[in-house]
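*Asks:* Sharing a structure here in structure tokens format.
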Amino acid sequence: MSTPLFRVERIASHASSVGGLPITRALPTASRRMVGAWCFADHAGPADLSPERRMKVGPHPHTGLQTFSWMIEGEILHRDSLGSEQMLRPGQVNLMTAGRGISHSEESQTERLHLAQLWIALPDAARHGPPAFEHFATLPRLKLGGFTAALLTGCYADARSPVPTHTPLLGMDLASAGAASTTLTLDPSFEHGLMVLEGALEVAVGAETYSLATGELLYVAPGPEAAKLHCDAAARLLVLGGPPFPESILLWWNFVGRSGEEIARYALDWNAGRGDFGHVEGFDGPRLVAPDPSGLRLRG
Ligand code: MN
């Protein structure tokens, strides 16, 4: 019996930094911009930050996206222009919908820090809507073979995450303290990104097995109905999925739009204190300044 071959791409994260915190970024990369509506995937830590090196990201704007923060270790304080002030603790998700405009700040409250910062592109029908902020203190937990899974968004088996999205999406965190194996059921209409946050994993899709190290993302195009996972020691995997996003987006700095002209206007409005971005109360420090957008009109 022959096993079908599926289109799979192995993507290396690149190193960057956010508010002084070293991070690895798996999306967007040169070869892969999105997985479903997931358009940005940063992995921060695990790190032990000295008090003077704590993450402190001053007020900055967003448009056309949702920020999705998944806390693994440590605590972060979120403030936004809607007046939200919310501590994010391990096992919890903050979902901030930018819509037509919002601004927020983020500050780590602990030396230990480990989280995934993800962005979800809003479809055209939702991207001009009002901003919103929601905090999710508990998420469904599943036992998958030797892995413990948290269902961050979407559905898996009989479980449904309370975290809503505007397009079908899957987000799942699988962790094991030692050797573990399971078969992950995949929606064949979804593309998937399997991102190794800690340790190393073997992922078998169709006839091929891929050995992934920390920081690697395995992109799996729509088609397969399962992926076999195995680790020999402690490991953590973030699973992102969704149907290929049907709209062409432009992501620049903290904005998602559809044209360079539109994004240049967001940047100029933010820097001039205009627009729909509001004001973050209670943050001790300066707001961030958007880079010069003058080259942007050439794009999109
Ligand atoms: Mn932000």
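The values are calculated or read from the model by the stated rules, or taken from the named source; none is laboratory data. Because the structure is a prediction, the values reported are computed rather than measured. Neighbour counts run over all protein chains shown; Cβ positions are idealised from the backbone, glycine included.
*Asks:* Give me the pairs, please: first residue somewhere in segment 91-118 and farther than 21 Å from Arg25 by Cα and more than 10 Å from the ligand (Cβ to nearest atom), second residue anywhere and part of a loop (DSSP other than H, G, I, E, B) and of a type in the set (Asp, Glu), beta-carbon distance under 9 Å, and either six or more positions apart or on two chains.
*Replies:* The qualifying pairs are Gly99/Asp276; Arg100/Asp276; Gly101/Asp276; Gln109/Glu75; Thr110/Glu75.
For every residue, the table says whether it meets (1) on the phi > 0 side of the Ramachandran plot; (2) aliphatic (A, V, I, L, M).
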{"site": "Glu107", "(1), (2)": "no, no"}
{"site": "Arg112", "(1), (2)": "no, no"}
{"site": "Gly146", "(1), (2)": "no, no"}
{"site": "Gly154", "(1), (2)": "yes, no"}
{"site": "Met172", "(1), (2)": "no, yes"}
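*Asks:* For segment 60-78, does any single residue satisfy the condition of being more than 14 Å from the ligand (Cβ to nearest atom) and outside any strand (DSSP E or B)?
*Replies:* Among the residues of segment 60-78, at least one is more than 14 Å from the ligand (Cβ to nearest atom) and outside any strand (DSSP E or B), which makes the answer yes.
*Asks:* When you scan segment 232-267, how many residues do you find that are away from the ligand (no atom under 15 Å from the Cβ) and either within 18 Å of Ser81 (Cβ to Cβ) or in a strand (DSSP E or B) (or both)? Full working, then the answer.
*Replies:* Within segment 232-267, the subset away from the ligand (no atom under 15 Å from the Cβ) is 232-250, 257-265.
Of the ones still in play, those that are also either within 18 Å of Ser81 (Cβ to Cβ) or in a strand (DSSP E or B) (or both) are 232-242, 250, 257.
Of the residues in that region, 13 qualify.
*Asks:* Grab the strands (runs of 3 or more DSSP E) fully contained in segment 126-216, keeping just those with 2 or more residues being under 19 Å from Ile72 (Cβ atoms). Walk me through how you get there before you give the answer.
*Replies:* Values: elements: 132-136, 141-144, 147-153, 170-185, 191-198, 201-205, 208-212.
Qualifying strands (runs of 3 or more DSSP E): 132-136, 141-144, 147-153, 170-185, 191-198.
*Asks:* Next question. Under the condition of being surrounded by fewer than 22 Cβ atoms within 10 Å (Cβ to Cβ) and away from the ligand (no atom under 16 Å from the Cβ), which residue from segment 24-34 is nearest to Glu261 (Cα to Cα)? Break it down into steps so the answer makes sense when it comes.
*Replies:* Pass one, segment 24-34, residues surrounded by fewer than 22 Cβ atoms within 10 Å (Cβ to Cβ): 24-25, 28-33.
Checking which are away from the ligand (no atom under 16 Å from the Cβ) leaves us with 24, 29-33.
On the way: Thr24: 29, Thr29: 23, Ala30: 22, Ser31: 25, Arg32: 24, Arg33: 20 Å.
Selected residue: Arg33.
*Asks:* Let me ask you something else. Take Ala207 and decide whether it is of a type in the set (A, V, I, L, M), touching a His at 6+ places or on another chain (Cβ under 8 Å) and over 22 Å from Ala30 (Cβ atoms). Walk me through how you get there before you give the answer.
*Replies:* Values: of a type in the set (A, V, I, L, M): yes; touching a His at 6+ places or on another chain (Cβ under 8 Å): no; over 22 Å from Ala30 (Cβ atoms): yes.
No.
*Asks:* How many of the residues making up segment 79-90 are assigned to a strand (DSSP E or B), touching a residue at least 60 places away in the same chain (Cβ under 8 Å) and surrounded by 20 or more Cβ atoms within 10 Å (Cβ to Cβ)? Lay out the reasoning, then the answer.
*Replies:* To start, the set of residues in segment 79-90 that are assigned to a strand (DSSP E or B) comprises 79-80, 85-88.
From the residues that got through so far, the ones that are touching a residue at least 60 places away in the same chain (Cβ under 8 Å) too are 79-80, 85.
Restricting the remaining residues to those that are surrounded by 20 or more Cβ atoms within 10 Å (Cβ to Cβ) gives 79-80.
Of the residues in that region, 2 qualify.
*Asks:* Oh, and also: Within segment 268-278, identify whether any single residue is among the charged types (D, E, K, R) and assigned to a strand (DSSP E or B), and answer yes or no. Walk me through it before giving the result.
*Replies:* Residues of segment 268-278 that are among the charged types (D, E, K, R), as a first pass: 269, 274, 276.
Right, trim to assigned to a strand (DSSP E or B) and you get none.
No.
*Asks:* Can you name the residue in segment 279-300 that is aliphatic (A, V, I, L, M) and in a loop (DSSP other than H, G, I, E, B) and, of all such residues, is surrounded by the most Cβ atoms within 10 Å (Cβ to Cβ)? Full working, then the answer.
*Replies:* Quick first cut of segment 279-300, residues aliphatic (A, V, I, L, M) only: 280, 288-290, 296, 298.
Narrowing further to those that are in a loop (DSSP other than H, G, I, E, B): 280, 288-290.
Details: Val280: 22, Leu288: 18, Val289: 11, Ala290: 19.
Taking the candidates together, the pick is Val280.
*Asks:* So how many residues does segment 112-142 have that are within 24 Å of Val196 (Cβ to Cβ) and either of a type in the set (Asp, Glu) or out of contact with any Ser or Thr (no Cβ under 9 Å at 6 or more places or on another chain) (or both)?
*Replies:* 3
*Asks:* For residues that are more than 13 Å from the ligand (Cβ to nearest atom), touching a His at 6+ places or on another chain (Cβ under 8 Å) and in a strand (DSSP E or B), scanning just segment 35-59, find the one that is modelled with the highest pLDDT.
*Replies:* By that ranking, first place goes to Val35.
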